1. With a Förster radius of 25 Å, plug the Cβ-Cβ distance of A:Ala20 and A:Thr127 into 1/(1 + (r/R0)^6) and report the FRET value to the nearest 0.05.
2. For segment A:2-199, with all protein chains present and a 1.4 Å probe, just round the carbon and sulfur fraction of the accessible area to a whole percent.
3. Using modelled backbone amide H atoms (1.01 Å from N, in-plane), which distant-in-sequence or interchain residues come within less than 5 Å of B:Ala52's amide H?
4. How are the alpha carbon pair distances in chain B distributed across 5 Å bins from zero to the largest one, expressed in percent?
5. Karplus couplings for segment A:172-180 from phi (6.51 cos²θ - 1.76 cosθ + 1.60, θ = phi - 60°), rounded to Hz, Gly and Pro as x?
6. May I ask you to evaluate 6.51 cos²θ - 1.76 cosθ + 1.60, the Karplus curve with θ = phi - 60°, for each residue of segment B:84-97 and list the ³J(HN,Hα) values in order in whole Hz, giving x for glycine and proline?
7. Tell me the label-point distance for the pair A:Ala189, B:Glu64, using the 7 Å Cα-to-Cβ offset, in nm and rounded to one decimal.
8. Determine the principal axes of the Cα atoms in chain A, then give the extent along each, sorted from largest to smallest and rounded to whole angstroms.
Amino acid sequence: MTRWVLLTATVDQEQVAALAAHPEVGHSSAGADLPGSVGGRGAVWDLVTDADPRSLPGVPADAEAVPLVTIAQQDVPFDGPRIKRTLLLTVADGTPDEVVRRFEQDTIAMPDHISTIRSWALSRVDTSLADASTRRTHVWEQEFVDADGLNGEYLLHPYHWTYVDNWFDPESPRHIVEPAIAHLYRAAAGPVLLAQMSASSTGRPNASRP
Amino acid sequence: MTTDIDRRVHIVDHVVLPAAEVGPWLDRWRTTYLPGAQVRGMQHVGIAQRYAGPASVEVRVDWEVAGPYAFYGMRGQAAADPTVTRFWAETDALATSRDRSVSAAKEDDA
């Protein structure tokens, strides 16, 4: 099955839970964007299904549905609630493939430096399933024990802002990521990425890296 | 390196220009880039120059920003400012090379 990230204005948790039991759905969880999120619509719905998500009951027809092909991921199991963070970004048209691959390698090295990242996944947008209008190219997801892990060590680590950020900084001649990113995080009652990978045919073995 | 909320951020711009363009470029930098950069939280530390070839000069501009959060805020404001985009596009049309490096202050200098 395909993993999807849906951006919606709101989510009804009863509908989210009902969809988890739908025969065409492998995983369904969602939550409102927490303060500090930017570029979203109000909520993120994480879904695993081979159906068009917007054809499923309870999913808003105007949701932005982003299909994922995971290229690297690692599962770090832990119990209990957590923060699920989703970064949707667009690499500029015309960026050479070798440069895109370097950007991807630098990104997936972040968990080697930043101890608060637990499970994570880097995905390319599945252009065979995505809406023609979507310009997003990559989705970078992580789970943290709490928001401090994201807003603290993740943002403050020098590997992030002295190195990886060059790909994003519009004043750097090395930047390739367009400014219109969506940095979204929500509360989750339990595992999202691990549950999704288990339910998805695109899931890879633990600690998969290209 | 460890993380530190108060760790000062050092930014260095390197711009290699034809020698005859350095003066006009610095004039534009002072009038169209510097004032906005200071509003965004970039503290100008200094400018240095060196010959990068028989007819080219590298201009080095040093900055400091108060910390990583201030850096992200500055970067976000720059991304939303079309005058910044235009300034660097015009610079890149002239420059033979350009780079921006961002470094963390040593822990005991933070």
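1. Working: r = 27 Å, r/R0 = 1.09.
Using R0 = 25 Å, I get an efficiency of 0.35.
2. On the way: 4030 of 7650 Å².
So the carbon and sulfur contribution to the accessible surface is 53 percent.
3. Placed amide hydrogens put B:Val57, B:Glu58 under 5 Å from B:Ala52.
4. With 5 Å bins starting at 0, P(r) equals 2, 11, 20, 23, 18, 12, 8, 4, 1.
5. Along segment A:172-180, the couplings run 8, x, 8, 6, 10, 8, 6, x, 7 Hz.
6. 5, 4, 5, 4, 6, 5, 5, 5, 5, 6, 9, 6, 8, 7
7. Reported label-point gap for A:Ala189 and B:Glu64 is 5.1 nm.
8. 46, 38, 33
The values are calculated or read from the model by the stated rules, or taken from the named source; none is laboratory data. All values reported here derive from a predicted model rather than from experimental measurement. Cβ: placed from backbone, ideal geometry, glycine included. Neighbour counts: every protein chain shown. All accessible areas refer to the heavy atoms of the entire protein, side chains included, with ligands and DNA or RNA removed. Shrake-Rupley method; radii C 1.70, N 1.55, O 1.52, S 1.80 Å.
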